[in-house]
Structure formats: structure tokens, C-alpha cells
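Asker: First, the structure itself, so that you have it in front of you.
The values are calculated or read from the model by the stated rules, or taken from the named source; none is laboratory data. Being a predicted model, the structure only gives us computed values, none of them experimental. Neighbour counts run over all protein chains shown; Cβ positions are idealised from the backbone, glycine included. Accessible surface is based on the protein model in full, side chains and every heavy atom, while ligands, DNA and RNA are left aside. Shrake-Rupley method; radii C 1.70, N 1.55, O 1.52, S 1.80 Å.
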Amino acid sequence: MPGGRRRREVQMERVLGTPALFATAYGNVGSSIYYALGLTAVFALGLTPLVFVLAGIVFAATAATYAEGTVRFPEAGGSSSFARHGFNELVSFGAAWSQMLVYVVTIATSAFFVPHYLSIFWEPLKSNPWDIVGGAIVIALLVALNVVGVTEAARLSVGLAVVDFATQVLLVLLGFALVFSPEVLTDNVHWGTAPTWGDLAIAIPVAMLAYTGVETVSNLAEEAREPQESVPNAYRLVALAVFAIYFTLPLIALSALPVEEIDGELTTLLALPPEQGGYANDPILGVVENIGLEGLLLDAAEIYVGVLAATILFIATNAGIIGASRITYAMSTYRQMPEVFRRLHPQFKTPYLALVLFAGVAPIAILLPGDVQFVGTLYALGATLSFTVAHASLVRLRTKPDPAVAYRARPNLTLSGIDWPLFAVLGGLATGASFVVIVVQNPLTRWVGLGWIVAGLAGYAIYRRRWVHAPLTETVKAPPAFGAALALEYRRILVPVVPGRPSDDALDLACRLAAERGARVVALTVIEVPLELPLEAELADEERQAHEELDEAVAIGDTYGVRVVGRLVRGRSASGEIVREAERRGTEIIVLGSPRKELTSRRRGVFGSTVDRVMRNAPCRVMVTASGERSAA
């Protein structure tokens, strides 16, 4: 009975794959509303709703690029991974280093705004220096927890994401009922004056703050059994939900806090700091206070939104810290950074140097000036560069036909036999132009951002030439780690599963390897489709059996406390699909189960042909468990 109940739970989780992925994704992306609204209004003023619509269109194109890229290469890295496959290692480093800047600024921004929303309990937290102190404490606390190895409660994060989205929808509905005014919104617009054309140009890339977390979302492909369906659907839902909130909530905000003349200038309280009576530091609280609520209802709404926002931003800060740790590990694995950043703490087995430097020291340094505009434009610089590389990489990948590609985003234009991705072409042009605008219009952001990129490229070139002894464009993986780092090295374990004891033995071994570090195991089932049938042919019995085996694999992982991700693929050859999946995932080790063969004068191989072919062609280590049951076949 317990086994049957566990299997039913696993089956339900698979059925609800897309909603669960959506909730996780929105938890990362949706947190940015708590600071992006104010930061964008600083530049866009009365055109803030229009700017978010334009940024939303760019986000839709970017989401399509990431959906196709992550289905094609379900491994951590996002645009860096796309660039490695589309171009070379030098371009991949540029994308990864830009991502690192995005994570650093995301950590700083999210942590900086936590005390702003807690100012409902103590007013000084709303402004300098106490918001800087509070933000630094948040970063230091979370870095310490990650060094110790405290894991995030995934279900709590998903639950909070649902509550967060529901709260935002409720604010929009209340706003339309109480304060929405098309006349006020029309009067807010002063073309070329408030905002100026230059500020309007800057506002669009700054509004991309609304989509903080899209790089983190790229890791979701590793969580899905059939990513060609669930991941694109989740991206579409996230794009739709974020677009809906960012299209409607700014309308309410600018109706409640309209553009008016303050101290001789046309502006809105959304764009002013708290010292001038504005809400740039806590824009959603500003909306709550001016939406028409009164008395105890207003007090309760302020406390509820303040605590919810601070909690969501706290979790977003932690997600940024985890992201910085992952990208550092990936860069060290591909010899883009010194291996010292993969070094684990002798007691806690966590990459403490990477956490302290890139998730602790660097974000606090960004935080110290206490300038929210600088933080916003610096994020936009890193994000637009990373997005541009992602779009360009996907365009390049489309010129390399791969019949095994399971998903292609749309729309496309077929020319000269190539399906050119229009969303990536137009999205790349938009993000590239936004990057140029940020560089040209913001001197401080220009020098800090470009300085970060130049310093990174210089360090990369020196490291590759002096220590790696490899060309800058060559992909070189670090050798397997030993000792304490071995647990981290085997964070990606692939186990092909078929009915029978050999696969169970292999999965048991893989789970024991993963248990020490909390690593993830991917259980892979390949449906071999006969040559006379198309790959997408209806094979209901085979699919049912495959899902049962994967459900059982997940259940076995549960007994070890190890997360097992099921993956179902179709192909002509099981060995070929196993090798291809290992390459796509950047797998560190494949664990195969095989019955011993009876040796005869004609058969000198101990294992089967599938195992032999995998061992010859695998891009990583292969471990074979020889089951006690023998086979004469």
C-alpha cells in the first residue's frame, strides 16, 4: 500500500508538471515587481505602462529563445550554454560573466529592498543608511546559511509565489474599482518633456528588471520529465502572467500617484525617494497607501503587503545566491575560472569561496552607494548583454540542422532551407540596442559595467594561456575532482532504467553516490522506435511502461532522500540517446546496470552491446553495476 500511494503521488506530480514549473518560475520572475515599478517610473514617468508593454514584448521573445535553448540543452548555464554550442568557449565566457553580473546585482537589489518594505515597523529602514545596513545583513545571513548548506524549502517558495500572484491580482482588481482613471493616465503623458526622449530610451532596458530570474528559470528543464512540452508551456504561462501584471498594475499605480508638478518639475511620487515623500523605494506600498483604503483595512493591507514583499524578496535574494554559486561552478568546470572556486569547505562541503566572493562581497559592494538608479541600470547592462548573446546563439544553432531537436519555438521564416527564428532575431536586435543605450546614456554604469567585462576577459585570457594552456575558444573541461570535491563533482548522475533488477541495482548505487551531497539523479528511459515508424508514432503501451519505470525510479530515490528526475525520450538507438542525453546535461557520471553474460567461445564481452557502446562513446565517466542475475542472450 505505501508503494502504491507513493506511485500515485509521483503520477500526480507528473500530470501537474506545467503548473508546478509555472509557480516556481513566477516565484523568481514575479518578485521584481516590488522594485522594478519604482525604478522604471524614475525614467518613464507617465509612460511607465507603455514602457512595460514594450519590455514585455521583448521578454516574450527572450522567453521563446530560452524555452527552445533549454529544451535543446537541459543543463545549467542558460545563455552561456547556448553560446558554447552555438559559437565557442570565448563567447560562452562573455555570456557567463554577464550572467554573473546579473546575479550579483539581483542579490544586491533584492536584499536592498527587503528593509524598505519592513519600514512599516521602523521608518528609518526606508532610506540610507539603514536600508544599506539591512540589505548587507540579509546578504551576509543568506551567504552564511548557504555556506553551512541549509537548503531552500521548495514547497514554501511555490506556495509564496501563488500567494504573491494572487495578491497582485487583488491589488489590480481593487485599483480598477477604486482609482483607475483613463483621464488621469492621459494627462500623465507629456511627450518629449516628461519623460525626455533620452530618459524614455533608458526606461525600456531598465524595465527589463521586471524579468529578473529568466536565467534562473532556464534550469527548470532539468526538473521536467518531458521538457519539450512542459517547459515551453511554463514559459508561456510565465510570460502571460508577468505581462498581465505589468500591463495592469502600472495603470493603477499611475492613476493613484499621477504625474504632477513637484518643486517645479513634472514627476510622480513613484519616482521620488522617501526623503521627498515619494515611494521609489517601496512602490507597491505606495500603491496600497493611495488606492483608496482607509482605517484598519489600510493598516492591515500595509502590514500584509510589507511582510509578503519582504519575504518574497528574501527568497529572491537566496535564489540569486544559489544562481551565482551554480554559474561559478559551471564556469570552473569548463576552465573559464580557476578551480579554486570549486573548492569545498572541509566540513560543510559547499563552495564557500565562490559564495563569499560573488554572492557576498560583490553584492555588498554594489549596495554600499545606496543608489537605486545605479543598481537598476547596472542590472540592465548585464541582462541585455546576456540576452543578446542568447538570441544570437539560437540563431547560429538554427544554421546547424539537428534532426533530434524536440522543440522549436515560433514564429520562424524559412529561407535557403533554414528556419530562421524571427523571435530571436527581433529580440536580439531589441536587447542589443538596449545595451548600447545603457552604455551611451549612463557614464557611471558604463565604466563600472564595461570595467567588469574587460577585467573578466583579461583574467580569462591570462588564466587560459598561463594555467590551462589552451586557446581561448577551445572547450576544456576540468578533470574529475577527488577527495572532498568528489561529492560536488557527481552532482549530475544519469541512470538509464529498464525493467529488471540490473537497473534497480544501478539506481541504488547512484542514489548512494548522490545522498552525501544531495545531488540530483536523472533516470532516463529510452523508447526505441523501429525504423519503419516515425519517431512521433503512437506507442501507448511502451509509454505506459516507461512512465511506470520512471515512477518507480522516483520512488526508489525517495527512500534514500535523493531527488530523482525522470526523463523519457524517443530514438532509434538506446545507446545513442543515452550518450546524447549525457552530453546535453553535462553529466559527470553514467551509472549503468547490466546482467552478466555467459562467456562462450564466440562471446568474450561481459556486458551487453548497449553498455559497450555507451562506454565507448560517453562524454564522461561510466560506472557499470554487474547484477547477480545472468543472461545467456
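Asker: Going by alpha carbons, how many degrees (0 to 90, nearest 10) lie between the helix axis of 574-585 and the longest principal axis of the chain?
Answerer: 30
Asker: Can you give me the angle between helix 17-29 and the longest principal axis of the chain, using Cα atoms only, in degrees from 0 to 90, rounded to the nearest 10?
Answerer: 40
Asker: Give the whole-number value, in cubic angstrom per residue, of the convex hull volume spanned by the C-alpha atoms of the stretch 242-373.
Answerer: Looking at the stretch 242-373, the number lands at 173 Å³ per residue.
Asker: Kindly report the accessible area of the chain per residue (heavy atoms of protein chains, probe 1.4 Å, no ligands, DNA or RNA), in Å².
Answerer: 41
Asker: If you don't mind, another one. Quick one: check the C-alpha center-to-center distance for the stretch 343-379 versus the stretch 93-118, whole angstrom.
Answerer: Here the answer is 8 Å between Cα centres.
Asker: For Rg and Dmax of the Cα atoms in Å, the choices are [x] 25.9, 86; [y] 25.7, 97; [z] 26.0, 82; which was calculated from the structure?
Answerer: [y]
Asker: Take every Cα pair under 8 Å in the chain that's 6+ residues apart, average their separations, divide by the length, and report that relative contact order as a whole percent.
Answerer: The normalised contact order for the chain reaches 20 percent.
Asker: Something else about it: Give me the percent of DSSP beta bridges within the chain that run antiparallel, rounded to the nearest 5.
Answerer: Of all bridge pairs located within the chain, approximately 25 percent are antiparallel.
Asker: Cα axis of helix 501-515 to longest principal axis of the chain: angle in degrees, 0 to 90, nearest 10?
Answerer: Helix 501-515 and the main axis of the chain meet at about 40 degrees.
Asker: Can you pull the percent of the chain's accessible area that's carbon plus sulfur, 1.4 Å probe, other chains left in place?
Answerer: Reported share for carbon and sulfur atoms: 62 percent.
Asker: Provide the packing ranking of 471-478, 310-317, 445-452, i.e. peptides ordered by the mean count of other C-beta atoms within 10 Å per residue, highest first.
Answerer: Descending packing order for the listed peptides: 310-317, 445-452, 471-478.
Asker: Also: Once Lys and Arg get +1 and Asp and Glu get -1 on their Cβ, which of GLY292, ALA359, VAL162 lies farthest toward the positive end of the dipole of the chain?
Answerer: ALA359
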